[in-house]
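Since the structure comes first, as structure tokens, the remarks are kept for the end.
The values are calculated or read from the model by the stated rules, or taken from the named source; none is laboratory data. No experiment lies behind these values; they were computed from the predicted model shown. FYI the Cβ positions are ideal-geometry reconstructions off the backbone, even for glycines, and counts take in every protein chain you see.
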Amino acid sequence: MSLRVRGWPIYYKDILRVKDPDHHVGVCSLWTERQVVEKLVSGTRYNLIGNLYSAQGINAMIRNIFANPSIRTVVLWGAEMSLSGHSLLMLMKEGVDEARRIKNGRGEIEEEIPLPVVDQFRKVVEVVDLRGRDRDFLVATLRQLDKVKKPPFARKPKLFPKSEPKTTMFPSESVGFRVSGTKVAKTWLKLLNEIYKYGKPKHTRYSRDNSIREILNLTAVVTDEDPEKIYFPSYLPFSETELIAYYAELLTDRQIPGVAYNYGRRLRRELGVDQIAKMKELVKKRPASKKMAAFTADVKKDWGAVHKGDTPCLTQILGSIFEKRFYMTAHFRSQDMVHGWPRNAFALRKLQKEIADATGYRMGPLTVITHSAHIYGDDFLLVENLLMDHYEKELGFSPAVHFTFDPRGNVVIEIVSMKEALQFHEYSKRYEKGAVPFAVSQTLKRLPKRGRNSGKLIRATLFAPDGGAPLKIFEGRTAQEVAYQIADWGYLSDPAHAMYVGQELQRAEEAIVRGGRYHQDPA
């Protein structure tokens, strides 16, 4: 009689490599590809092979093991790149704290898994740590464990309620999102906010509950991160030591055994040309060139692995010299925006500085364009907590100062007389052939026909950023008449700035209607 739940594994069923579901040994390959490990241990007996990309995946491991109590041993082997293996070992050794977080590790145990079950898991399951050991040692260990007979730890399987984060999806444009920030971490919070609010649910084989929230074609711009003195707040999902170790993935051509691809190797060696070196040469010889491009695609190899392996998420890197600075743009076909994006962005900024320094230019902004920008279901709660705890703080506002700088300029608003008009007479010629907009015509009825405030206009002057020169003048009799001129032609890009300008236009209109004075308030 089978002890496991029908249809087991209940999580990650479509990607786990199951061999003998009644065997007591499971292999956790961390970040090393499952199919690679499967080939390496093909002559041994075991239950299944699966990855553990993040500590949150431990919840799925517990659920799968209690759904099949035959599993008594977990062999930990493979590339450790996110402390997921360390966190599993810490769970077994230290347990969890009052908030259900793994002590001295990462991740937390879902509240649907009772704490007595966690204690039972720690007692009945043995974790064998083989990280850093070679393939022969892994094979020898599996053969030795096969000789050990361990009975199931329970007479029947046990299931737990599904963890369902409460999320709400708002309607959106679905494609073509943009965020920007001075630092990688601050930009990261902004893009998580976009995906958390507007990401659409989608199936994936990589998430424990087979769901993600996804938006398409997200552009994220980082303007001022210094790669030598990075802003590294504690809320980032990895340590600075891990980040330094990750830099080699992009900045060198090293090969990691068992890992499907390495960006640095693809860019510098594997495709037969050091594309980064070529970019540096081109910048020096022809700084106006539009051919500063490096690609990661090995088309034949990657299409051959599209159904059975991983292909590079980073597809290309583009460079440009603009305003005597080196601008860089990176394109990704797909990104885990929680754990992958910040690592990628820090490393790309490092690469940008390498090229800029080698060619004698200062760095411009870094732009990262992601086709599939997604958050995995395993991380919904993490993202919710990150945004609640840090998003507003990182905007940097205070009770005295609550505004952002619009890169398209600043607007000064004033009330002038009709005889002082600089632009309205030309603008109003459109009414000779077309009707006055309804919203404007309704407000015109409220304006004074005589007296001191009759014949007044609202003037909005757009100035270049940072105290620059005047760029354009907009004039109208009502707030709406001026707002149409600004909004219809897209003169402002920051929503908060546009709302502020709208408020001030309305205040100016009310001053005209009521016969009062108007002075523009600071933002």
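Yes/no per residue for (1) part of a strand (DSSP E or B); (2) within 14 Å of the chain's Cα centre (by Cα); (3) within 17 Å of residue 247 (Cβ to Cβ):
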position	(1), (2), (3)
317	yes, no, yes
339	no, yes, yes
346	no, yes, yes
351	no, no, yes
354	no, no, yes
368	yes, yes, yes
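Quick one: which residue in 171, 237, 165 is within 22 Å of the chain's Cα centre (by Cα), at pLDDT below 95, closer than 16 Å to residue 343 by Cα and not in a helix (DSSP H, G or I)?
237
Could you tell me whether region 94-103 includes any residue that is modelled with pLDDT of 95 or more, touching a strand residue (DSSP E or B) at 6+ places or on another chain (Cβ under 8 Å), surrounded by 21 or more Cβ atoms within 10 Å (Cβ to Cβ) and closer than 26 Å to residue 240 by Cβ?
yes
Do we find that residue 360 is at pLDDT 95 or above and either acidic (Asp, Glu) or at positive phi (or both) in this structure?
yes
For region 410-422, enumerate the residues that are in contact with a helix residue (DSSP H, G or I) (Cβ under 9 Å, 6 or more places away or on another chain) and over 22 Å from residue 515 (Cβ atoms).
410, 411
Inspect region 386-398 for any residue being over 25 Å from residue 235 (Cα atoms), of a type outside the set (D, E, K, R), touching a residue at least 12 places away in the same chain (Cβ under 8 Å) and surrounded by 11 or more Cβ atoms within 10 Å (Cβ to Cβ) and give the result as yes or no.
no
Could you list, in sequence order, all residues of region 434-466 that are within 15 Å of residue 515 (Cα to Cα) and part of a strand (DSSP E or B)?
456, 457, 458
Return the residue satisfying two criteria in turn: it lies in region 29-43 and is touching a residue at least 24 places away in the same chain (Cβ under 8 Å) and more than 33 Å from the chain's Cα centre (by Cα), and of such residues it is surrounded by the fewest Cβ atoms within 10 Å (Cβ to Cβ).
43
Please specify each residue of region 45-83 satisfying the condition of being within 22 Å of residue 243 (Cα to Cα) and in contact with a strand residue (DSSP E or B) (Cβ under 7 Å, 6 or more places away or on another chain).
Residues satisfying the conditions are 52, 55, 77.
Of 376, 327, which residue is buried (at least 21 other Cβ atoms within 10 Å of the Cβ) and either more than 14 Å from the chain's Cα centre (by Cα) or modelled with pLDDT under 95 (or both)?
Checking each option against the conditions leaves just 376.
When residues of region 107-126 are filtered for being charged (D, E, K, R) and in contact with a strand residue (DSSP E or B) (Cβ under 8 Å, 6 or more places away or on another chain), how many remain?
The total comes to 2.
Take the residues of region 421-463 that are touching a Pro at 6+ places or on another chain (Cβ under 6 Å) and of a type in the set (S, T, N, Q): which is nearest to residue 481 (Cα to Cα)?
Among those that are touching a Pro at 6+ places or on another chain (Cβ under 6 Å) and of a type in the set (S, T, N, Q), it is 461.
Restrict the check to region 472-481 and report whether at least one residue is within 39 Å of the chain's Cα centre (by Cα) and closer than 28 Å to residue 182 by Cβ.
Looking for residues that are within 39 Å of the chain's Cα centre (by Cα) and closer than 28 Å to residue 182 by Cβ, one finds at least one in region 472-481, hence yes.
Where the second residue is among the small types (Gly, Ala, Ser) and outside any loop (DSSP other than H, G, I, E, B) and the first is within 21 Å of residue 368 (Cα to Cα) and lies in region 294-315, which pairs have Cβ atoms under 8 Å and are six or more apart or on separate chains?
Final answer for the pair search is 313/334; 314/330.
If you go through region 1-28, how many residues are hydroxyl-bearing (Ser, Thr, Tyr) and surrounded by fewer than 15 Cβ atoms within 10 Å (Cβ to Cβ)?
Of the residues in region 1-28, 1 are hydroxyl-bearing (Ser, Thr, Tyr) and surrounded by fewer than 15 Cβ atoms within 10 Å (Cβ to Cβ).
In region 380-413, which residue that is modelled with pLDDT of 95 or more and part of a loop (DSSP other than H, G, I, E, B) is farthest from residue 466 (Cα to Cα)?
408
When you go through 401, 368 one by one, which is the residue that is of a type in the set (Val, Ile, Thr) and in contact with a Phe, Trp or Tyr (Cβ under 8 Å, 6 or more places away or on another chain)?
368
Return the total of residues in region 210-245 being buried (at least 17 other Cβ atoms within 10 Å of the Cβ) and among the acidic types (Asp, Glu).
2
Can residue 463 be described as aromatic (Phe, Trp, Tyr) and over 25 Å from residue 180 (Cβ atoms)?
No, not satisfied.
So residue 157 ticks every box in (1) touching a residue at least 60 places away in the same chain (Cβ under 8 Å); (2) assigned to a helix (DSSP H, G or I); (3) not hydroxyl-bearing (Ser, Thr, Tyr) but one. Which box is left unticked?
Unmet condition: (2).
Among the candidates 254, 269, 265, which residue alone is in a helix (DSSP H, G or I) and either surrounded by fewer than 17 Cβ atoms within 10 Å (Cβ to Cβ) or of a type in the set (Ser, Thr, Tyr) (or both)?
269
Determine which single condition residue 248 fails, assuming it passes every other condition in (1) at pLDDT below 95; (2) assigned to a loop (DSSP other than H, G, I, E, B).
Answer for residue 248: the failing condition is (2).
Filter region 123-161 for residues that are surrounded by 12 or more Cβ atoms within 10 Å (Cβ to Cβ) and over 21 Å from residue 27 (Cβ atoms); which is farthest from the chain's Cα centre (by Cα)?
The extreme case among them is 154.
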